[in-house]
Structure formats: structure tokens, C-alpha cells
Amino acid sequence: MKLTEKAKKLIDGKNLASVATLMPNGSPQVAPVWVDRDGDTIILNATNSRRRTMNLKRDPRVAISIYDQINMYSNVSIRGKVVEITEKGAEEHIDKLNMKYNGTPKYAYHDPKDPRVMIKVEASSVHEM
């Protein structure tokens, strides 16, 4: 499914996303994350050891809410599934996100013992407020 123009605008802006995944027992887990996109593919970045990464490797279903930081009543809710989890390019990608959100070119917490991954998500539904 294609992302709406509003979804693209919120993802491209300096807005945090809340990402919901499913724990092994079926209960929800939600975390605030930086968000990016490549066309209509949503890109999240995490380490291999993060709970959301482990959850999404086991069950690719995900829900993402993104709120405009200036107007919290302007938001999108996206449901979708993970289509790829890859280490390729993930360290460079977190630097790109750090520039977007913090304004500095290098992410300060790179840890070679816990490599980063890019989590690529395809939307199956987008709801706008």
C-alpha cells in the first residue's frame, strides 16, 4: 500500500513514532522511535538486542503512530508488516537519523557488540487524524 502524503510528511519531519509489536505471550509492547522512509517503505532502526527487533523477527506484524510535534491532533496510524530486517547500511542509517533528530552527523552510541539493524515495513492500512 502507498503511504498518504500526510504520512510521508510526518515521517519526513522531526516527529517521533510509537511502534507497537507483540511479545511472545501476545501482549503488546510499545516504544518511541525515530522513523524514516524510502518511498512507501517505512524504515525503523534498532539494535539486534532490542525487544522490538526480537518481537518483529518472530512476528512481523507492527503498528506505528506518528504525531506532529507541533500539533499532536495531527497524526497517522499505520498497520503493516516487516518485509526485511538487515544489518546492511544500518550503522550509516542511524547516523542519518541522528542528523535529522539531533542535528549532529554521528550517532554517539554505536556498539560493535550489538549491531544495528534497519527494519523495513510495508503499510497495509493508514488512518489519518
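Each reported figure results from applying straightforward, stated rules to the coordinates on display, with no laboratory input. Quick caveat: nothing in here was measured; it's all calculated off a predicted structure. Backbone-built Cβ (ideal geometry, glycine too); neighbour counts: all protein chains shown.
The residues of the stretch 89-99 that are charged (D, E, K, R) and either free of Cβ contacts under 8 Å to residues at least 24 places away in the same chain or in contact with a helix residue (DSSP H, G or I) (Cβ under 9 Å, 6 or more places away or on another chain) (or both), listed by number, are 92, 95. Pairing residues of the stretch 10-28 that are assigned to a helix (DSSP H, G or I) with residues that are among the acidic types (Asp, Glu), at Cβ distances under 7 Å and at least 6 apart in sequence or on separate chains, gives 10/68; 11/36. Between 2, 106, 81, 57, the distinction of being surrounded by fewer than 15 Cβ atoms within 10 Å (Cβ to Cβ), assigned to a loop (DSSP other than H, G, I, E, B) and out of contact with any helix residue (DSSP H, G or I) (no Cβ under 8 Å at 6 or more places or on another chain) belongs to 2 only. For the stretch 93-103, does any single residue satisfy the condition of being out of contact with any His (no Cβ under 9 Å at 6 or more places or on another chain), aromatic (Phe, Trp, Tyr) and assigned to a loop (DSSP other than H, G, I, E, B)? No, there is no match, as no residue in the stretch 93-103 is out of contact with any His (no Cβ under 9 Å at 6 or more places or on another chain), aromatic (Phe, Trp, Tyr) and assigned to a loop (DSSP other than H, G, I, E, B).
Looking only at residues of the stretch 63-77 that are in a strand (DSSP E or B) and hydrophobic (A, V, I, L, M, F, W, C), we find that the one that is surrounded by the fewest Cβ atoms within 10 Å (Cβ to Cβ) is 63. For the stretch 111-120, the set of residues classified as in contact with a helix residue (DSSP H, G or I) (Cβ under 9 Å, 6 or more places away or on another chain) and either among the hydroxyl-bearing types (Ser, Thr, Tyr) or surrounded by 14 or more Cβ atoms within 10 Å (Cβ to Cβ) (or both) consists of 116, 117, 118, 119, listed by residue number.
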